[in-house]
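Report on the structure given below.
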Amino acid sequence: MEKLARKIIIIGAGPAGMCAGIFAARAGADVLIIEHGSEPGKKILSTGGGRCNLTNVRMGTEYYPGTDAVFTGDALAAFGPAETAAFFDSIGLFTADRGGYVYPRSMNAASVRNLLVSACASEGAEIRTGVRAERIERQGGKIMVRTASETGTGTVFCDRLIFACGGTAAPASGSDGSGFALLDRLGIPVTEPLPALVPLKGDAKRFRALAGIRTHAKASLFLDGRYTASDTGEVQFTQDTVSGIPVFNISGAAVRALKDGRRVSVVFDLLPEFREKDLMKTIFSRSMEMTLFTALNGLLPGKVCSHFLKLAGLQDSAEQDIADAGEDRVRELIRLLKDFSVEIRGHAGCDRAQTSTGGVRTEDIDPRTMQVRKVPGVFIAGEMIDVTGICGGYNLQWAWTSGALAGKAAAL
Ligand SMILES: Cc1cc2nc3c(=O)[nH]c(=O)nc-3n(C[C@H](O)[C@H](O)[C@H](O)COP(=O)(O)OP(=O)(O)OC[C@H]3O[C@@H](n4cnc5c(N)ncnc54)[C@H](O)[C@@H]3O)c2cc1C
């Protein structure tokens, strides 16, 4: 007797949902993807500054700090960057390695979205846009999804359900957190989602004068005065936020610590490649007639030099030569530049976040299949799972990894 195709509903046509749909359809399932937005994969269009950094050849659990390493490692071992490359090849997308960061060959995020949509169609995974999943119920051996659209409400039944609704970051692209409310009715616990890869708000008086500056620095996170994590790269100051990739990469832990009522600060080293004593030597090896401002300006943008000369109480010395400023005061200035602490009081919110931490707990999910251990037939993929990567293609890799594993397993 011919085996009936499994009916799978996927909620959310983002990267995780479409990837799951393609793998499930390839395995012979009858797939319906419902998407409440007017188009599939809207968020993909804004990824990587419109270029979509879809994965990274440097892969490992260390790129998912604060995440369950055993769970993430098991899943990445089953479907990692090599499998991702083969997947994109299979749907006709050429990719390009740019120093380990992998992009579509076209350097155009729309190519990724369009080829995923096209592969869904050719594999037979139907995408229905403008349809919102509103309630999930078990009915006999089936799972019932109540939907709402402009034309009214409806019900669809399936054997297996994959949640791929995203987290709470960038809600304008569709991930409004409504998926988590649906899980609640199924008794699947959720750790409160909080923004990550997000600008941090702090004691603006300390850095407002630096607004508009982008400079190479190391950003170290301290929680209740204890060093927790750091990253180095281009940091950016605005009127009221600090951002840039190093800040984004420590922001998830900072936001959660703030939520827990902990004291959070970020210490910037604006000259991370130099040791204090080498800097002293370098500055004092210059012509003693060079002004202190000019000596610093050889290392840092002028706005940064002015601000730190002022903080060190040296603004009057800016036009003085190095010798007049004196060794102790120059040392103090260098200390400030290498140990510039900003107290963090908040963040720029979900609208400005690239991802969210929290979601479905990894201990509740089988890492080989993404099935919820206590709720057979229900699978989770993508950002809804409490797995958060740093910048560099790691969050999309998680969408492909979890989407592929969920799609394949749900079709079995
Ligand atoms: C500006 C920006 C830049 C980024 N750049 C990168 C990058 O270069 N590299 C990288 O790795 N990561 C990047 N990310 C992160 C990456 O985009 C996400 O990790 C990824 O999109 C998560 O995929 P997902 O499928 O889990 O969720 P989403 O992409 O959020 O998709 C979820 C889908 O579900 C739909 N949905 C939600 N609820 C319902 C419902 N109740 N009914 C029906 N449909 C529903 C939503 O409309 C949405 O289409 C970036 C994020 C942002 C915001």
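The values are calculated or read from the model by the stated rules, or taken from the named source; none is laboratory data. These figures come from a predicted structure and were not determined experimentally. In this analysis, Cβ positions are derived from the backbone assuming ideal geometry, glycine residues included, and neighbour counts consider all displayed protein chains.
Tabulated data
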quantity	calculated
Only one of Thr168, Thr151, Thr147 that is of a type outside the set (A, V, I, L, M, F, W, C), modelled with pLDDT of 95 or more and over 18 Å from the mean Cα position of the chain (by Cα)	Thr147
Scan of the range 40-78 for residues that are touching a Gly at 6+ places or on another chain (Cβ under 9 Å), more than 7 Å from the ligand (Cβ to nearest atom) and in a loop (DSSP other than H, G, I, E, B), ordered by number	Val57, Arg58, Met59, Gly60, Tyr64, Pro65, Gly66, Thr67
Hey, Phe71 in contact (Cβ under 8 Å) with a residue 12 or more places away in the chain, of a type outside the set (A, V, I, L, M) and closer than 23 Å to Ile365 by Cβ or not	yes
Qualifying positions in the range 344-358 - away from the ligand (no atom under 14 Å from the Cβ) and among the aliphatic types (A, V, I, L, M)	Ile344
Residues (over 15 Å from Ile44 (Cβ atoms), of a type outside the set (Phe, Trp, Tyr) and more than 8 Å from the ligand (Cβ to nearest atom)) located in the range 163-176	Thr168, Pro171
Residue that is farthest from the ligand (Cβ to nearest atom) [pool: residues in the range 14-39 that are more than 23 Å from the chain's Cα centre (by Cα) and closer than 16 Å to Ala133 by Cα]	Val31
When residues of the range 346-375 are limited to those that are hydroxyl-bearing (Ser, Thr, Tyr) and surrounded by fewer than 23 Cβ atoms within 10 Å (Cβ to Cβ), the one farthest from the chain's Cα centre (by Cα)	Thr369
Scan of the range 138-185 for residues that are surrounded by fewer than 21 Cβ atoms within 10 Å (Cβ to Cβ) and of a type in the set (A, V, I, L, M), ordered by number	Met144, Ala148, Val156, Ala172, Ala181, Leu182
Cβ pairs under 8 Å, 6+ apart, first in the range 376-391 and in the same structural domain as Arg361 (by TED's automatic domain parsing) and away from the ligand (no atom under 12 Å from the Cβ), second among the basic types (Lys, Arg) and assigned to a strand (DSSP E or B)	Gly377/Arg160; Val378/Arg160; Phe379/Arg160
Arg160 being within 30 Å of Lys7 (Cβ to Cβ), among the basic types (Lys, Arg), out of contact with any Pro (no Cβ under 8 Å at 6 or more places or on another chain) and away from the ligand (no atom under 14 Å from the Cβ)	yes
All positions within the range 186-205 that are outside any loop (DSSP other than H, G, I, E, B) and either buried (at least 19 other Cβ atoms within 10 Å of the Cβ) or in contact (Cβ under 8 Å) with a residue 24 or more places away in the chain (or both)	Val190, Thr191, Glu192, Pro193, Leu194, Pro195, Ala196, Leu200, Lys201, Gly202, Ala204
Tally of residues being part of a loop (DSSP other than H, G, I, E, B) and over 18 Å from Ala196 (Cα atoms) across the range 135-183	6
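Yes or no, residue by residue, for (1) surrounded by 13 or more Cβ atoms within 10 Å (Cβ to Cβ); (2) not in a loop (DSSP other than H, G, I, E, B):
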position: Phe88; (1), (2): yes, yes
position: Gly92; (1), (2): no, no
position: Ala96; (1), (2): no, yes
position: Tyr103; (1), (2): yes, yes
position: Ser106; (1), (2): yes, no
position: Asn114; (1), (2): yes, yes
position: Val117; (1), (2): yes, yes
position: Cys120; (1), (2): yes, yes
